[in-house]
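S.K.: Just passing along the structure, written as structure tokens.
The values are calculated or read from the model by the stated rules, or taken from the named source; none is laboratory data. Quick caveat, the model's predicted, so the values are computed rather than measured. Cβ placement follows ideal geometry from the backbone for every residue including glycine, while neighbour counts extend to all protein chains displayed. Note: areas computed on protein heavy atoms with side chains; ligands, DNA, RNA excluded. Shrake-Rupley method; radii C 1.70, N 1.55, O 1.52, S 1.80 Å.
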Amino acid sequence: MTRLLGGWWVCALCVGFGCGDDDTMAMMDAGADAVVADDAATDAGVDAFVEPPDPLPQDPAFDDAYTGVGDERIVTTLSETYAPRYGWELYVERNLPRVPLDEYGVIHPQPGEPHLVRDQLALPDGVAIDWTPGALPEAARSALHTFVFGDPQIVDVDSPSLQPKNNAGGLPAYRPWGEIIPQMGDALMRAANAFHEQYALDAVIVVGDAIENAQENELDWFLTSMNGGEIQTDSGARDDVVPGPGNDAYDPFVAAGVPDGVPWVNIAGNHDVLVNGNFPPGLITAVNDSPEAIAALSPLLRVVGLTLPNHSTGTEHRGYLVPENRAMFAVDTEAFDLSQMQYRAAEFRGIPAAEVEADPARATVDLCSYVAAHRDATGLPAGHGFPDDGGACEARIADDPTAPAAGWFTWDVTPVLRVVALALGPVEGGAEGILSRPPVGCMVGGEPCRDDPRYDQIAFLETELERAASENVGVIVLSHQSSQDIVTEPALNSYRSFIEDNELLIGIWNEWVPTPNEPMSAPAFRRLLASSGVVVAHLAGHNHRHQVRAICANGTFLDGSGDGRCAAGADDETGYWEVTTTGAVDFPHQGRFFEVVHVGGNLGAIYLTVQDMRLPADSLTRRGRFISRAYLASTRGDQGGLAEADDRNLLLPFVLNDGVAAAWTAAELRDEVASETVLTGDAGSLDVHPVFP
């Protein structure tokens with residue numbers, strides 16, 4: 001590449017990231033902004049000079065004077081944040097850099113962000129909130145202190161189920177830092193653990209999408225990452241791209257896990273039970289097992305730019321990216337060049353098929369086996385929330401294949417707060433959540449499924465909300481998808497028109513993509529939770545973005561602090577908070593501390609405090625974060641899942657009904673509020689992380 005103007009600019013010469021054609025670059029997420037090659041250079045087909053774009057100015061909000069606490073220290077974002085010097089703009093124009101190449105992938109320490117107050121739920125007459133974050137009234141007591149994260153999406157990058165080609169079609173199927181995702185999740189957990197040493201966590205909560213492609217080995221790696229132990233995230237033929245132990249993404253490493261004695265729970269997300277988070281495993285198997293179906297479907301998929309995933313346990317990989325060509329090993333963080341990591345759509349489509357070594361550990365998991373694996377895992381609580389059903393999940397599916405599987409549960413996380421966890425799947429396919437009744441006529445053991453909380457998830461939710469109200473217990477609802485992601489029909493149906501004229505394909509489709517029975521709408525779901533009078537918060541993941549919404553009694557919501565205040569319901573319902581936490585798998589790779597406080601009387605508050613990975617300069621994990629940030633800067637030019645300050649470090653007031661307030665007043669709660677003490681300080685030095693040579 002020819003460097004111009006003192007090294008600031010690179011003339012793209014149709015290599016790597018360059019201008020060889022006018023295909024868009026591969027997108028990390030569906031709908032991502034595309035970077036398009038220069039038409040003149042494309043037409044010329046030869047080396048061509050491209051006028052450099054205007055350079056980006058430094059972000060005016062960037063604080064050059066801030067020196068930072070040092071990479072070796074662990075703090076929350078109350079003390080220190082990270083930001084790029086040139087802001088969150090797209091760093092590429094006409095495939096040329098708009099900032100110095102040594103600023104790609106780099107984030108710098110910046111001053112911390114204090115808690116902001118969002119006072120938007122309805123309040124009783126005569127009650128006003130005049131609280132100072134960090135200094136609640138002296139009588140305030142902590143009712144729950146947890147660490148929440150979601151969407152680690154641990155992935156088997158060698159699996160035939162993984163199709164990097166599909167990034168070219170807008171389906172987020174490949175991440176250039178995928179090989180290092182388990183180590184990055186471990187780094188986040190280690191940061192949270194450091195604060196546990198100063199103020200014990202009541203629990204760790206994972207809001208689903210633990211794994212990427214519904215595979216047994218991925219699930220085993222996730223469970224080990226939570227309970228601690230050695231992990232080698234490799235399958236099939238063992239890869240040792242950098243010879244020697246402990247120096248590349250495929251070498252074994254020891255995950256810290258959740259601290260001893262701290263319970264953790266998880267719920268099922270779309271990626272946990274669906275291939276690529278969209279396709280029922282039975283659908284993939286049925287199509288791949290039929291040469292006629294493959295012949296009919298393949299040309300239809302090409303129209304939408306997609307490649308069918310193969311059997312996870314098979315040997316045929318329809319688009320295998322060899323380890324040496326993956327960004328994890330091609331990117332040089334010391335001498336970064338755009339061509340090191342960028343794949344254009346044409347290059348993704350051109351990845352050849354290959355034979356890979358079969359691995360039975362790649363077998364797919366369904367909702368029953370996902371629950372069973374958690375039941376068999378060590379650690380607290382027993383089953384990690386999922387109750388022991390004595391094998392009833394498999395039995396009832398055998399009795400009636402239409403009977404819903406397990407996946408929902410309750411758990412008393414503290415004496416005053418109960419978790420009500422949902423399984424929105426959707427097992428019907430597609431990424432969005434579905435909450436529906438059992439099919440008409442569903443029977444188990446001669447009894448109807450409908451209205452039985454064991455099989456009817458809507459009945460389960462209604463029953464548990466009523467029980468909590470009768471027992472004066474506050475409720476935290478968990479689901480992978482937030483209410484904005486609840487739909488009433490499978491998202492896969494958008495592809496149905498491509499196959500409805502083919503009798504074979506539509507038959508397979510109808511078997512594996514069933515129509516939900518009486519699905520609940522998102523507004524109805526929000527109204528149900530608000531009407532209970534006991535729901536404090538709804539925790540979710542899925543959209544890989546920090547987001548906090550005030551949910552009003554009428555089922556509407558307020559997105560930001562400038563959106564006003566909810567009106568009270570007909571029975572004086574005041575609403576609740578919906579808290580979505582960004583995906584640990586994607587930049588900025590964060591989780592958050594979630595603390596519930598009884599301020600006094602009928603008033604409570606939620607403290608949200610965002611936590612970064614804290615990484616030493618030479619760590620292998622830091623390399624993964626570098627790649628994810630560089631990819632974001634050159635393909636989308638936004639903050640990733642960071643969202644706005646209104647969605648990050650917050651103090652959220654809420655109202656308790658009289659019965660719950662009395663129970664909380666009588667309960668023995670902690671006098672110290674962690675969000676006002678230990679989370680504002682320094683939790684010590686980092687553990688050793690794996691090092692990339």
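S.K.: Of the residues that make up segment 672-692, is at least one within 13 Å of L603 (Cβ to Cβ) and in contact with a helix residue (DSSP H, G or I) (Cβ under 7 Å, 6 or more places away or on another chain)? Spell out how you get there, then give the answer.
M.R.: Our first condition is that a residue be within 13 Å of L603 (Cβ to Cβ); within segment 672-692, this holds for none.
No, that holds for no residue.
S.K.: I've got another one for you. Here are R344, R375, R362: which of them is free of Cβ contacts under 8 Å to residues at least 24 places away in the same chain, of a type outside the set (G, A, S) and either open to solvent by 30 Å² or more (accessible area, probe 1.4 Å) or out of contact with any Gly (no Cβ under 7 Å at 6 or more places or on another chain) (or both)?
M.R.: R375
S.K.: Okay, moving on. On the basis of being open to solvent by 50 Å² or more (accessible area, probe 1.4 Å), outside any loop (DSSP other than H, G, I, E, B) and not small (G, A, S), does D130 make the cut?
M.R.: no
S.K.: Here is a further query. State which residue is nearest to L301 (Cα to Cα) when the search covers only segment 255-285 and only residues that are open to solvent by less than 10 Å² (accessible area, probe 1.4 Å) and small (G, A, S).
M.R.: G277
S.K.: Something else now. Taking segment 340-368, which residues are closer than 20 Å to L321 by Cα and of a type outside the set (A, V, I, L, M, F, W, C)?
M.R.: Q340, Q342, Y343, R344, E347, R349, G350, P352, E355, E357, D359, R362
S.K.: Let me ask another. Take the residues of segment 518-561 that are small (G, A, S) and not in a loop (DSSP other than H, G, I, E, B): which is surrounded by the most Cβ atoms within 10 Å (Cβ to Cβ)?
M.R.: A540
S.K.: Contact list please: Cβ distance under 8 Å, first residue in segment 102-114 and assigned to a strand (DSSP E or B), second residue hydrophobic (A, V, I, L, M, F, W, C) and open to solvent by less than 40 Å² (accessible area, probe 1.4 Å), pairs at least six apart or on different chains.
M.R.: Every condition considered, the pairs that remain are H108/F62; H108/A83; Q110/F62; Q110/A83.
S.K.: Please enumerate the residues belonging to segment 81-98 that are open to solvent by less than 70 Å² (accessible area, probe 1.4 Å) and in contact (Cβ under 8 Å) with a residue 60 or more places away in the chain. Don't jump to the end; show me each part of the working.
M.R.: Kept after step one, since they are open to solvent by less than 70 Å² (accessible area, probe 1.4 Å), are these residues of segment 81-98: 81-88, 90-93, 95-98.
Answer for segment 81-98, where residues must be open to solvent by less than 70 Å² (accessible area, probe 1.4 Å) and in contact (Cβ under 8 Å) with a residue 60 or more places away in the chain: T81, Y82, P84, W88, L90, Y91, V92, N95, L96, P97.
S.K.: Working carefully through the options A40, A48, A65, A32, find the one that is at pLDDT below 50, in a loop (DSSP other than H, G, I, E, B) and more than 30 Å from L652 (Cα to Cα).
M.R.: Exactly one residue qualifies, and that residue is A32.
S.K.: Also, I was wondering about something else. For segment 158-172, enumerate the residues that are charged (D, E, K, R) and either under 13 Å from S225 (Cα atoms) or assigned to a helix (DSSP H, G or I) (or both).
M.R.: K165, the sole residue that qualifies.
S.K.: Those residues that are of a type in the set (S, T, Y) and either open to solvent by 10 Å² or more (accessible area, probe 1.4 Å) or modelled with pLDDT under 90 (or both), I need them from segment 609-620; list them, please.
M.R.: At the first step, the residues of segment 609-620 found to be of a type in the set (S, T, Y) are 609, 619.
Result: S619, single match.
S.K.: Taking A667, is it aliphatic (A, V, I, L, M) and closer than 16 Å to E197 by Cβ?
M.R.: Numbers: aliphatic (A, V, I, L, M): yes; closer than 16 Å to E197 by Cβ: no.
For A667, the condition - aliphatic (A, V, I, L, M) and closer than 16 Å to E197 by Cβ - is not met.
S.K.: Restricting attention to segment 444-479, which residues are within 23 Å of V596 (Cβ to Cβ), in contact (Cβ under 8 Å) with a residue 12 or more places away in the chain and either charged (D, E, K, R) or out of contact with any Leu (no Cβ under 9 Å at 6 or more places or on another chain) (or both)?
M.R.: E464, E466, A468, A469, N472
S.K.: Any idea which residue in segment 214-245 is surrounded by the most Cβ atoms within 10 Å (Cβ to Cβ), counting only those that are of a type outside the set (A, V, I, L, M) and in contact with a helix residue (DSSP H, G or I) (Cβ under 7 Å, 6 or more places away or on another chain)?
M.R.: Going through segment 214-245, the residues of a type outside the set (A, V, I, L, M) turn out to be 215-218, 220-222, 224-225, 227-230, 232-236, 238-240, 243-245.
Right, trim to in contact with a helix residue (DSSP H, G or I) (Cβ under 7 Å, 6 or more places away or on another chain) and you get 215-217, 221, 225, 233, 235, 239.
Values: Q215: 28, E216: 21, N217: 24, W221: 26, S225: 25, T233: 26, S235: 24, D239: 20.
Only one residue fits best here, namely Q215.
S.K.: Check off (1) open to solvent by 20 Å² or more (accessible area, probe 1.4 Å); (2) part of a strand (DSSP E or B); (3) charged (D, E, K, R) for R592 and give me the number that stays unchecked.
M.R.: Answer for R592: the failing condition is (1).
S.K.: Confirm whether D71 is out of contact with any Gly (no Cβ under 6 Å at 6 or more places or on another chain), closer than 28 Å to D563 by Cα and either free of Cβ contacts under 8 Å to residues at least 40 places away in the same chain or part of a loop (DSSP other than H, G, I, E, B) (or both).
M.R.: So D71 fails the test.
S.K.: Follow-up. Picking from G429, G446, which residue would you name as being in contact with a Phe, Trp or Tyr (Cβ under 9 Å, 6 or more places away or on another chain) and either at pLDDT 90 or above or more than 30 Å from A143 (Cα to Cα) (or both)?
M.R.: G429
S.K.: Could you tell me which residue of segment 310-335 is surrounded by the most Cβ atoms within 10 Å (Cβ to Cβ), considering only residues that are among the charged types (D, E, K, R) and outside any loop (DSSP other than H, G, I, E, B)?
M.R.: The qualifying residue surrounded by the most Cβ atoms within 10 Å (Cβ to Cβ) is E316.
S.K.: Which condition from (1) in contact with an Asp or Glu (Cβ under 8 Å, 6 or more places away or on another chain); (2) open to solvent by 10 Å² or more (accessible area, probe 1.4 Å) is the one that D248 breaks?
M.R.: The number of the failed condition is (2).
S.K.: With E93, E72, E80 as the choices, which residue is of a type outside the set (V, I, T), within 29 Å of the chain's Cα centre (by Cα), within 23 Å of F626 (Cβ to Cβ) and at pLDDT 90 or above?
M.R.: None of the others qualify; the one that does is E80.
S.K.: Say we look at segment 637-673 and pick out the residues that are open to solvent by 30 Å² or more (accessible area, probe 1.4 Å) and under 18 Å from the mean Cα position of the chain (by Cα); which of these is farthest from S79 (Cα to Cα)?
M.R.: Looking at residues that are open to solvent by 30 Å² or more (accessible area, probe 1.4 Å) and under 18 Å from the mean Cα position of the chain (by Cα), I get D638.
S.K.: Looking at (1) outside any loop (DSSP other than H, G, I, E, B); (2) loosely packed, with under 14 Cβ neighbours inside 10 Å; (3) modelled with pLDDT of 80 or more, which is the one condition that is false for D54?
M.R.: So D54 meets the others, but not (1).
S.K.: Is it the case that segment 408-421 has a residue that's out of contact with any Phe, Trp or Tyr (no Cβ under 6 Å at 6 or more places or on another chain), in a helix (DSSP H, G or I) and open to solvent by 20 Å² or more (accessible area, probe 1.4 Å)?
M.R.: No, segment 408-421 contains no residue that is out of contact with any Phe, Trp or Tyr (no Cβ under 6 Å at 6 or more places or on another chain), in a helix (DSSP H, G or I) and open to solvent by 20 Å² or more (accessible area, probe 1.4 Å).
S.K.: Against the condition out of contact with any Phe, Trp or Tyr (no Cβ under 8 Å at 6 or more places or on another chain), closer than 20 Å to H374 by Cβ and touching a residue at least 40 places away in the same chain (Cβ under 8 Å), how does V262 come out, does it pass?
M.R.: yes
S.K.: How many residues are on the phi > 0 side of the Ramachandran plot and either assigned to a helix (DSSP H, G or I) or at pLDDT below 95 (or both) if we restrict to segment 467-514?
M.R.: 0
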